[in-house]
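A quick write-up on the structure given underneath.
Values in this text are rule-based calculations from the coordinates and carry no lab data. Quick caveat, the model's predicted, so the values are computed rather than measured. Please note: Cβ atoms are built from the backbone with ideal geometry, for glycine as well, and neighbour counts cover all protein chains shown.
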Amino acid sequence: MSRRKPRGRPLDGWLVIDKPPGLTSTDVVNRVRRAFDAQKAGHGGTLDPLATGVLPIALGAATKTVPYVMDGTKLYRFTLRFGEARDTDDADGQVTETSAVRPDDAAIAAALPAFRGTIMQVPPAFSAVKVAGERAYDMAREGRAPVLEPRPARVDRFELVERPDADTAIFEVESGKGVYMRSLARDLARACGTVGHVAALRRLRVGPFAEAQAISLDKLRPADDTAPASPDLLLPVATALADIPALALTPAEATGLSHGQAISLVDLMGRIPRQADPNGGLARAMAGSRVIGLCRLEDGWLKPERML
């Protein structure tokens, strides 16, 4: 029995989209896949429909590197509106509580340190977190309030950057994987003695992908509407791994790793990058200027983890 040939073009690479408001991340992936007539596509980290900004889209072989992008540091800017709590913790939801309290800058500054470092965070009720096999947002939409447990979240930076008026405050946050800006806004407002929600949210960076690289969905459409988008718009697959320390290999070592063989770290002495953690850290395996894959430093060995 012959295997059915996959539909679309076999394209490999990354595209950084400046996501507009109102679309889900999946909507954007589907539009990109159609625009390029690509066989395979995925995204490097969900953005809420209300949110805008950096949404990296992986095509073809780049989908193998998605987990490493999602593990990267992210930079956000959001507007917190004081005085109204909403069921979604953002402007798309229904008002559930109000407060006349408006904290001043000093009160906000006093509350912020408790939200930096490794904190415990309860995800929003409208989130993709699973509770007993069900998505929290499905339960919330049906009026069954999900019971969500606090989980660790890493917040590297959380700063007040602008105060347009008493009702609103604008923040920048640098964070690790799986940190909810809606929860930060909700909980900071509570810590300031009031309630609040995210009125606007923009992601400025995801791992190595920055706002300056992002293009609008409209740019994907060539002058000839019937032709697919140009592959020249794509960044190389290895762009996703730029944050991971590079390790130069000999041709023989590169061949061995490609065949699943581990290399003793003793043989690599003097070449192991300083930033690479010898206790389980990742390294980007390089054959000349070409990335051949990702390896893990573990138990005295360099072990292949994901070869490209």
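Taking 0.36 nm per intervening residue step and subtracting the Cα-Cα distance, what contour gain separates residue 46 from residue 232 on full extension?
Contour length minus Cα-Cα distance gives 64.5 nm.
Only counting other Cβ atoms within 10 Å, I'd like 71, 187, 48 sorted with the fewest neighbours first.
Values: 71 16, 187 19, 48 23.
Sorted ascending by nearby Cβ count, the order is 71, 187, 48.
Would you please give the FRET efficiency between residue 307 and residue 96, computed as 1/(1 + (r/R0)^6) with r the Cβ-Cβ distance and R0 = 35 Å, to the nearest 0.05?
Here the calculated transfer efficiency is 0.10.
Please state the Cα pair-distance histogram of the stretch 236-308 with 5 angstrom bins from zero: what percent is in each bin?
3, 19, 34, 28, 14, 2, 0
Work out how much length residue 262 to residue 37 would gain on full extension: take 0.36 nm times their residue separation and subtract the Cα-Cα distance, in nm to one decimal.
Extending this stretch completely gives an extra 77.2 nm.
Under 5 Å between amide H atoms, partner at least 5 residues away or on a different chain: which partners does residue 151 have, H built in plane at 1.01 Å?
Amide H to amide H, under 5 Å and 5 or more residues apart or across chains, residue 151 pairs with 121, 122.
For the chain, what is the mean residue ellipticity at 222 nm derived from helices alone (per DSSP H run of n ≥ 4: -39500 (n - 2.57); sum divided by total residues; nearest 500 deg cm²/dmol)?
Rounded to the nearest 500, it is -4500 deg cm²/dmol.
How much length would be gained if the chain were fully extended between residue 218 and residue 61, taking 0.36 nm per residue of separation minus their Cα-Cα distance, in nm to one decimal? Provide the component values of the computation, followed by the final result.
Numbers: separation 157, 0.36 × 157 = 56.52 nm, distance 2.45 nm.
Full extension of this stretch gives 54.1 nm more.
Output needed: percent of Cα pairs per 20 Å distance bin for the chain, bins running from 0 to the one holding the longest distance.
All Cα pairs considered, the percentages come to 28, 51, 20, 1.
Relative contact order (percent) for the stretch 21-156, with alpha-carbon contacts under 8 angstrom and 6 or more residues of separation? Intermediate results must be reported in sequence, preceding the final value.
Values: 160 pairs, mean separation 20.1, N = 136.
Averaging sequence separation for qualifying contacts and normalising by length gives 15 percent for the stretch 21-156.
Using alpha-carbon positions, what is the distance between the centroids of the stretch 233-253 and the stretch 170-218, in Å?
For the stretch 233-253 versus the stretch 170-218, the Cα centre distance is 29 Å.
Please arrange 181, 286 by counting, for each residue, the other beta carbons lying within 10 Å of its beta carbon, fewest first.
Values: 181 24, 286 16.
Ranking 181, 286 by Cβ neighbours within 10 Å, fewest first, gives 286, 181.
Dipole of the stretch 1-91 (Lys/Arg Cβ +1, Asp/Glu Cβ -1, origin at the Cα centre): which of 56, 22, 41 lies farthest to the positive side?
Looking along the dipole axis, the top candidate is 41.
Which whole-number percent gives the relative contact order of the chain, counting Cα pairs below 8 Å spaced six or more residues apart?
It comes to 21 percent, rounded to a whole number.
Put a dot 7 Å past each Cα toward the Cβ at residue 120 and residue 246; how far apart are the dots in nm?
Each label point is offset 7 Å from its Cα along the Cβ direction, giving 4.3 nm.
Can you give the FRET efficiency for residue 105 and residue 145, using 1/(1 + (r/R0)^6), R0 = 35 Å, r = Cβ-Cβ distance, to the nearest 0.05?
0.55
Apply the Karplus curve 6.51 cos²θ - 1.76 cosθ + 1.60, θ = phi - 60°, to the phi angles in the stretch 207-220 and return the couplings in whole Hz, x for Gly and Pro.
Once rounded to whole Hz, the list reads x, x, 9, 10, 4, 4, 8, 6, 10, 7, 4, 4, 5, 6.
Kindly express, to the nearest 10 degrees and within the range 0 to 90, the angle between helix 25-36's C-alpha long axis and the longest C-alpha principal axis of the chain.
Taking Cα atoms only, the helix is inclined about 40 degrees.
Which value, in Å to one decimal place, does the Kirkwood hydrodynamic radius take for the stretch 1-148 when every pair of different Cα atoms is included?
Numbers: mean 1/r = 0.0542 Å⁻¹.
Kirkwood hydrodynamic radius for the stretch 1-148: 18.5 Å.
Fewest Cβ neighbours within 10 Å first, please rank 301, 14 accordingly. Could you put the intermediate results ahead of the total?
Values: 301 16, 14 25.
With the fewest neighbours first, 301, 14 line up as 301, 14.
So how strong a dipole does the chain carry about its Cα centre when Lys and Arg Cβ are +1 and Asp and Glu Cβ are -1, to the nearest 20 debye? Could you put the intermediate results ahead of the total?
On the way: 41 positive and 38 negative charges, 224 e Å.
For this selection, approximately 1080 debye.
In the stretch 74-206, if the dipole is taken from +1 on Lys/Arg beta carbons and -1 on Asp/Glu beta carbons about the Cα centre, which of 114, 132, 180 is farthest to the positive end?
After comparing all options, I get 132.
Give the share of C-alpha pairs in each 5 angstrom bin for the stretch 74-206, from 0 to the last occupied bin, in whole percents, shortest bins first.
P(r) for the stretch 74-206, in whole percents per bin: 2, 11, 21, 24, 21, 14, 6, 2, 0.
Nearest 0.05, what FRET efficiency do residue 131 and residue 177 give at R0 = 22 Å with Cβ-Cβ as r?
On the way: r = 20 Å, r/R0 = 0.90.
Between residue 131 and residue 177 the formula returns 0.65.
So, by mean Cβ neighbours within 10 angstrom, what's the order for 27-33, 161-167, 107-113, 196-202 with the highest one leading?
Sorting 27-33, 161-167, 107-113, 196-202 by mean packing, highest first, produces 196-202, 27-33, 107-113, 161-167.
Among 197, 150, 164, whose Cα sits farthest toward the positive end of the charge dipole of the stretch 74-206 (+1 at Cβ of Lys/Arg, -1 at Cβ of Asp/Glu, about the Cα centre)?
The Cα lying farthest towards the positive end belongs to 150.
Please state the charge dipole magnitude for the stretch 244-307, taken about the Cα centre, from unit charges on C-beta atoms (+1 on K and R, -1 on D and E), reported in debye and rounded to the nearest 20.
Approximately 220 debye in magnitude.
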